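Worksheet: one structure, shown below.
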2 protein chains.
Amino acid sequence: MSDYTHILVAVDFSSSSEQIVTKARDIAKNNNARLSLLHIVEYLPPIDSIYEPVLASTWAIDETELLSQAKNSLKKFSKKLNLDDAQQQVVLGTPKHEISQFVKDQQCDLIVMGSHGRHGINILLGSTANAVLHEMPCDILAVKIPS
Amino acid sequence: MSDYTHILVAVDFSSSSEQIVTKARDIAKNNNARLSLLHIVEYLPPIDSIYEPVLASTWAIDETELLSQAKNSLKKFSKKLNLDDAQQQVVLGTPKHEISQFVKDQQCDLIVMGSHGRHGINILLGSTANAVLHEMPCDILAVKIPS
């Protein structure tokens, strides 16, 4: 590819993740670029205090525990693909926002995503597709996932 | 990049075309891949015979002439970027349909497009964004165009 320096790949642990990350890894290698793996834990507490107060202890999931499990999964996943050296990041939030934030903070110049899936390019689309694509400050590669 | 063999780039002669095609050219070079340049002439005859019959001679634009002019423009454009050897194709139709058709007929494995513009990735989006992206049988790289 052409002069990429920092490549971000969004990992959702779906069956196509290996294919997408392997492609990102190859592109990083060909460009001597840094590679970062980002997994977003999409957990949102089911609070709806408009209707009735909810006692946190009855439903609360330990967010720290969720993040810790996700970090372990990402570590194993990276090891399997010989990517121990790649930056690994797990965050809690919505994929669209977290990917956008990561790209800006870390000055990525390419995002590699699946053509669909939980962390696929579809999360950047929808009714405001153009706006989101405009907003992204870098190139985006949508890797074809066989449907 | 990783093992691409035939790369398609959609050229719309906008100010960002050179940037997009140069990127596609570099990727093709790094992959020893074929490069095809496609320009779509979006002319549609303004026929509306529901209301009244229209004499073709009074408004008709010569489609052959349009295509011929576009071919010349594409030839000059390719020459400027040292791409005389790349396959050059000019067709009459709608970008979404023609790009999809070309990719299938010519077995392209990567489409390079601008992040917006007349032949940008936005033409694949809209209300059926997911459907179109699913339909495309190959990877798609959206090159960031400064807005």
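The values are calculated or read from the model by the stated rules, or taken from the named source; none is laboratory data. Quick caveat, the model's predicted, so the values are computed rather than measured. Methodologically, a virtual Cβ is constructed for each residue, glycine included, from the backbone with ideal geometry; neighbour enumeration extends over all protein chains shown.
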Residues in segment A:17-33: is at least one of a type in the set (V, I, T) and in a strand (DSSP E or B)? no
Considering only residues that are of a type in the set (D, E, K, R) and in contact with a strand residue (DSSP E or B) (Cβ under 8 Å, 6 or more places away or on another chain), look in segment A:86-127 and name the one that is modelled with the lowest pLDDT. A:E98
